[in-house]
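The values are calculated or read from the model by the stated rules, or taken from the named source; none is laboratory data. Keep in mind it's a predicted model, so treat the numbers as computed, not measured. So basically every Cβ, Gly included, is an ideal-geometry build from the backbone, and we count neighbours across all protein chains shown. Just the protein is used for accessible areas: all its heavy atoms, side chains included, with ligands, DNA and RNA removed. Shrake-Rupley method; radii C 1.70, N 1.55, O 1.52, S 1.80 Å.
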Amino acid sequence: MYSRLLFVTAVALGMLNAQSFERRATYKSGGDPNRGKCTAEVVVDGAAEVEIRGDSAVLRNLAGQPPQWRRFECNGPMPANPANFRFAGVDGRGRQTLMRAPGNGGGAVVRIEDPANGSEGYTFDIFWNGSGGNPPPQDDRSRRDDRDNRGYPPDQRYDRGRDDRDRDDRDQDVYHRGRDEGFRAPDFRQRFFQRVREDLDHVQSVTFPFSNDQYRIARTKQELDELQDKLARGYYDQRELDEVIGAMQRVVADNRLSRRDRDILADDLDRLRDFRVRHDYYGAR
């Protein structure tokens, strides 16, 4: 009886690990038809593989909890033997590895390994040339610099595989230009804390949901709420300001941020510290 129970358990675990989830691509219009691109975004807690053929993809569970699809977008189906094929990891705390390039009747296979506890979102891109033309332009910053991997051990660091422009150039540029203009406005000091909140909202909107990164941002906004509530009632609480500064420090140090988003939050952090110093100085006088 005991042996049979062990056998059934082993079979059940094997079936769980063998789970696969197929998905057809949604198409994004625009761009050069001879320059193909697909973006895959999945949630992994353990290990999984993504195999892409044409405009379909299969997500297979290798270990841990069943993985989940978030999105699979292409500007066209990937040919059976694409020219100048390239893989680029975009987001995720663990490892993303191209196990097999497409060709000879096989699809592209990407393995994702998430060694930490809890699930994590992973995003990667694949590129190719449909007619053997020039390859997609190489990103000079295809790997995140050390600042963007700060706080993670080497085996949990990851390749970004693209710069900020690939995350919707126009929206990013418009936001950052508007932010710079806001800090140059005459009423900047009256709107300072609101400006910090808008920066946190902006970064939160491009942060993967249900993650520790989201928690740290939400915690910072909660501390900012309490500070602004006291200031609105005419009461300055230095300890509360220190709580905001501490929470913001953890976001800048530990969150996985693009270079530009890290820069704006680091700038906000410097301005918060400057506010504290100035208030202490003029308050003492």
Might you let me know whether the range 5-20 holds any residue that is at pLDDT 60 or above and closer than 26 Å to Trp128 by Cα? yes
Of all helices (runs of 4 or more DSSP H) fully inside the range 147-242, the set with 3 or more residues that are modelled with pLDDT under 85, open to solvent by less than 50 Å² (accessible area, probe 1.4 Å) and closer than 21 Å to Ala253 by Cα is none
Does any residue in the range 191-204 that is aliphatic (A, V, I, L, M) come within less than 8 Å, Cβ to Cβ, of a residue that is outside any helix (DSSP H, G or I) six or more places away or on a different chain, and which pairs are these? Val203/Asn255; Val203/Leu257
Selection count, the range 71-92, where residues are open to solvent by less than 40 Å² (accessible area, probe 1.4 Å), in contact with a Lys or Arg (Cβ under 9 Å, 6 or more places away or on another chain) and not in a strand (DSSP E or B): 3
Restrict the check to the range 122-137 and report whether at least one residue is open to solvent by 20 Å² or more (accessible area, probe 1.4 Å), over 21 Å from Val252 (Cα atoms), within 17 Å of the chain's Cα centre (by Cα) and modelled with pLDDT of 80 or more. no
Which of the residues spanning the range 98-119 are part of a strand (DSSP E or B) and either crowded, with 21+ Cβ neighbours inside 10 Å or under 17 Å from the mean Cα position of the chain (by Cα) (or both)? Ala108, Val110, Ile112, Glu113
